[in-house]
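Working notes, beginning with the structure itself.
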Amino acid sequence: MDLLLNPLRGSFLLPRVRFRNFQMYGNRKVEYGFGAVLMEIIVGRPAYQNGEDGALTQWVSSMFGNGEIGRIVDPKLEGDFDVNSVKEALNIAFACLSYNSNDRPTMGEVLLKLKLCLQMETARLAIGYGR
């Protein structure tokens with residue numbers, strides 16, 4: 001992956017996303033950028049760090065494949081999350097980061113799936129199930 005996340009410029013919330021490989025841009029640029037930001041939120045660290053293109057995505061993919069969800073999630077959560085909700089959120093991020101822009105979900109599809117993640121987490125909290 002060849003994604004560069006630059007410091008915030010002209011926006012309070014969204015990083016300026018620049019691609020060295022313009023084939024990744026495709027017709028769903030927003031979805032790609034959202035996938036990168038979503039992964040950063042889940043993991044609690046930047047997607048691009050110390051000159052390592054795609055290192056975060058590769059690391060998360062490896063940990064996810066090994067079922068090590070607890071090692072992926074931001075340690076500040078101290079294990080207090082619904083594993084299935086995190087798995088679904090990571091699947092959304094991976095889909096948004098798909099190399100082929102036609103394989104990326106629409107933002108409407110992303111919204112529906114994120115609402116499902118929220119429902120899972122809300123249900124967990126409602127029944128008092130924690131770590």
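Listing for the model above:
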| item | result |
| --- | --- |
| Segments classed as helices (runs of 4 or more DSSP H), wholly inside region 55-123, with at least 2 members that are on the phi > 0 side of the Ramachandran plot and within 16 Å of the chain's Cα centre (by Cα) | none |
| Filter pass, residue 17 being among the β-branched types (Val, Ile, Thr), modelled with pLDDT of 90 or more and surrounded by 13 or more Cβ atoms within 10 Å (Cβ to Cβ) | no |
| Matching residues in region 97-131 - criterion: being basic (Lys, Arg) and closer than 24 Å to residue 56 by Cα | 104, 113 |
| Of all residues making up region 99-108, the number that are touching a residue at least 12 places away in the same chain (Cβ under 8 Å) and out of contact with any helix residue (DSSP H, G or I) (no Cβ under 8 Å at 6 or more places or on another chain) | 2 |
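The values are calculated or read from the model by the stated rules, or taken from the named source; none is laboratory data. Computed from a prediction, not measured in an experiment: that's the story for all the values here. Cβ sites come from the backbone with ideal geometry, for glycine too, and all protein chains shown count toward neighbours.
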